[in-house]
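Asks: Sharing a structure here in C-alpha cells format.
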Amino acid sequence: MRRSEKQIRQGGGPEGRAEGTTTAPDHWRYARHLDDLAAASGAAVEIEADAVAAVLCDPDLVMAESAVVTHLDRRAAQLLADGRFPNWAGAMAAAIGSRAFPARRVREWSLLKAIAHGEPWSAADLTAASDWCQRTAVQLPTSYEALGLLATTARTRRVRNTAAQRLYRRNMTG
C-alpha cells in the first residue's frame with residue numbers, strides 16, 4: 001500500500017480531523033475502489049473486468065478513472081512478462097470501452113510490453129505516446145531501437161537524456 005493510501009485509511013472519520021476541514025468520502029470511495037480492484041485481480045480476468053466496469057459506474061468520473069488507471073498500472077507492471085498479458089489487456093480494454101484516459105493507458109502498456117519483449121511495435125506509436133509512456137519505456141529493459149528513438153525524438157529533455165545515458169552505458173558495457 002502506498003503512503004498516501006495509508007494516510008487516507010488512517011485518517012479515520014471526521015473526529016480525526018481539525019474542526020472546519022471537510023470530510024473525505026470521495027477519498028474513502030477511491031480507497032474502497034482500489035481495494036475492490038486489487039481483490040478482483042486475483043480472480044479470473046472476467047471478474048477483474050467486471051470490477052473495472054463497476055468502478056467506472058461511479059458518479060465521480062475523474063475519481064473512477066483515476067482508480068482504474070492506478071489499478072491498470074499496478075496489474076500491467078505485474079503481468080508485463082506474463083503470457084496472460086494480452087488476454088488481460090483485451091479484457092480491460094473491453095471493460096473500459098470508450099473512456100479515453102484508461103483506454104490510452106491500456107494501449108500504452110501494450111506498446112511497452114511489445115518494446116520490452118522484442119515484439120513488433122511502431123516508432124510512430126512510441127513517438128506519439130504520452131510523456132508517462134515515454135518515461136516508463138526508457139526505464140524498462142528496452143530495445144536499442146526504442147532507446148535510440150527516444151534519445152532523439154522524445155518530447156521531454158528528461159526522457160531524451162535518460163535514453164541517451166542508457167544507450168551510452170549499454171555501449172560501454174556490452
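The values are calculated or read from the model by the stated rules, or taken from the named source; none is laboratory data. Everything numeric in this text was worked out from a predicted model, so none of it was measured. Here the Cβ positions follow ideal geometry from the backbone for every residue, glycine too, while neighbour counts run over all protein chains shown. Each accessible area value is taken on the protein alone, full model and side chains, heavy atoms only, with ligands, DNA and RNA left out. Shrake-Rupley method; radii C 1.70, N 1.55, O 1.52, S 1.80 Å.
Asks: Remind me, what semi-axes does the chain give for its equivalent ellipsoid, largest first in whole Å, using sqrt of 5 times each Cα gyration tensor eigenvalue?
Replies: In descending order the semi-axes read 34, 20, 14 Å.
Asks: Sticking with this structure for a sec: In the neighborhood of Leu126, defined by Cβ-to-Cβ distances under 14 Å, what is the net charge if each Lys or Arg adds +1 and each Asp or Glu adds -1?
Replies: My count for the surroundings of Leu126 gives +1.
Asks: At 1.4 Å probe size, with every protein chain present, just tell me what the per residue accessible area of the range 107-174 comes to in Å².
Replies: That works out to 56 Å² per residue.
Asks: Moving on to the next point. How big is the range 28-123 by the Kirkwood estimate over distinct Cα pairs, in Å?
Replies: 13.4
Asks: Something else about it: Kindly express, to the nearest 10 degrees and within the range 0 to 90, the angle between helix 85-96's C-alpha long axis and the longest C-alpha principal axis of the chain.
Replies: The angle comes out at about 50 degrees.
Asks: Next question. Using bins 5 angstrom wide from zero, how does P(r) for the range 20-73 break down, in % of all Cα pairs?
Replies: Binned Cα distances yield the sequence 4, 22, 31, 21, 11, 6, 3, 1, 1.
Asks: Any chance you could run the full-extension gain for Asp82 through His117? It's 0.36 nm times the residue separation minus the Cα-Cα distance, nm to one decimal.
Replies: Value of the extension gain: 11.5 nm.
Asks: Between helix 157-173 and the chain, what is the angle of the helix's C-alpha long axis to the longest principal axis, kept within 0 to 90° and rounded to the nearest 10?
Replies: Between the helix axis and the principal axis of the chain, the angle is about 50 degrees.
Asks: Per-residue ellipticity at 222 nm for the chain, helices alone: DSSP H runs ≥ 4 residues times -39500 (n - 2.57), over residue total, nearest 500 deg cm²/dmol?
Replies: -22500 deg cm²/dmol
Asks: Could you tell me what percent of the accessible area of the chain is made up of carbon and sulfur, with a 1.4 Å probe and every protein chain present?
Replies: In the chain, the share of accessible area belonging to carbon and sulfur is 54 percent.
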